[in-house]
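Since every read-out is calculated from the coordinates, none of them should be taken as a lab result. In this text, all values refer to a predicted model and were calculated from it rather than measured experimentally. With ideal geometry, Cβ positions are generated from the backbone for all residues, glycine too; neighbour counts draw on all protein chains shown.
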Amino acid sequence: MQPIAISEIPHEIKKCIGTIHSIRFPKQGCTSDVAIIKGEKTTFALKRTKDHLYNTWLNKEISVLHCLSGKTDLPIPKIKVFKCDKDQSWALIEYLEGLTVREALSKEKNKETREEIIFVFGRTLSRIHSTLCPAELKYKTPWIDEMLLKAAYNFTHYEVDGSEAILNKIQSQKPKGIKQTLIHGDFTIDNVLVHNGTLSGVIDWSGGAYGDPRYDVALAIRPKPNVFENSDREIFFEGYGKRIINQEEYNYFADGLYEFF
């Protein structure tokens, strides 16, 4: 069953696309339905969310992309149409050519090429963290405090992986502060695209903020099947340019705070 029927797509979005020549549905997580649509002149990515929490995330992503567009040189998709109501949200965005880092690594057998992809993955995150953060993305209070408040809210109101014990631990054992930077907020091997061996885009910016760069690093290097299980972390940090996180901090962010998002 297709997650999005053409008949469901709002008129404003169909008008922008024009005649739909093809539509396909890439593998996607549970937060949104995604379609790749080939229109009259170009190809688009269409995202649709239904749940209140996921609608909020998509709204935030659109806001972040608007803030970054024109103010940075980061390889992010352009927003074409955004429509939301009380039940669901729709975003038609520019389609960026390429495979996710996860897909590229799963298909790549050449050791050197594989290492280059991981190196580029690390270098891309360094580029984000080195980019001047727009003022609109800065919280009035420290990012970690905002995230802990959201973690507690999500634990109470939504189904999350984190437990009360983990919540109490991250609330009472915050890591020592570090200089905040622009962060992606969900920098994983599923949200960075590569094409012909080079970076082609960074997607899914709902967590974009002026925050703790160690959070991005922790999510980036989490072990996955055949990825970041051995020397991959060293190659990643070569690309990033330095190591900014220790094991205790990694555990706090990857196995603690992230459990509530």
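With R₀ fixed at 25 Å, the C-beta to C-beta distance from residue 149 to residue 248 puts the FRET efficiency at about 0.65. In a simple Cβ point-charge model (Lys, Arg +1; Asp, Glu -1; nothing else charged), the range 99-260 has a dipole of about 440 debye relative to its Cα centre. Whole-percent P(r), the range 157-248, all Cα pairs, 10 Å bins from 0: 13, 39, 38, 9, 1.
Per-residue ellipticity at 222 nm, computed for the chain from helices alone with -39500 (n - 2.57) per DSSP H run of at least four residues, works out to -11500 deg cm²/dmol. Between helix 52-68 and the chain there is an angle of about 90 degrees, using the helix long axis and the longest principal axis of the Cα atoms. Pairs of lysine residues in the range 99-260 that meet both criteria, 8 or more places apart or on different chains and Cα atoms under 17 Å apart, total 9.
Rounded to whole Å, the principal axis extents of the Cα atoms in the chain read 53, 46, 37, largest first.
Between 96, 182, 167, where does the largest GNM mean-square fluctuation fall for the chain, given springs only between Cα atoms within less than 10 Å? The residue that fluctuates most here is 167.
Computed from backbone phi with θ = phi - 60° and the Karplus coefficients 6.51, -1.76 and 1.60, the 3J(HN,Hα) list for the range 175-188 is x, 4, x, 9, 4, 6, 9, 4, 10, 7, x, 7, 7, 10 Hz; x is used for glycine and proline. Here's the picture: charge each Lys and Arg Cβ at +1 and each Asp and Glu Cβ at -1 in the chain, and of 191, 23, 39 the one pushed furthest to the positive end of that dipole is 39.
Note: relative contact order over the range 6-94, using C-alpha pairs below 8 Å and six or more positions apart, is 25 percent. Neighbour counts of C-beta atoms inside 10 Å place 66, 184 in the sequence 66, 184, starting with the fewest. Taking amide H atoms as placed 1.01 Å from N in the peptide plane, the amide H of residue 200 lies under 5 Å from those of 193, 194, 195, each 5 or more residues away in sequence or on another chain. Highest GNM mean-square fluctuation among 202, 81, 120, for the chain modelled with Cα contacts below 10 Å: 81.
Working from Cα pairs under 8 Å separated by at least six residues, relative contact order for the range 99-260 is 36 percent.
Farthest toward the positive end of the dipole of the range 1-136, out of 131, 6, 93, is the Cα of 6, where the dipole comes from beta carbon charges about the Cα centre.
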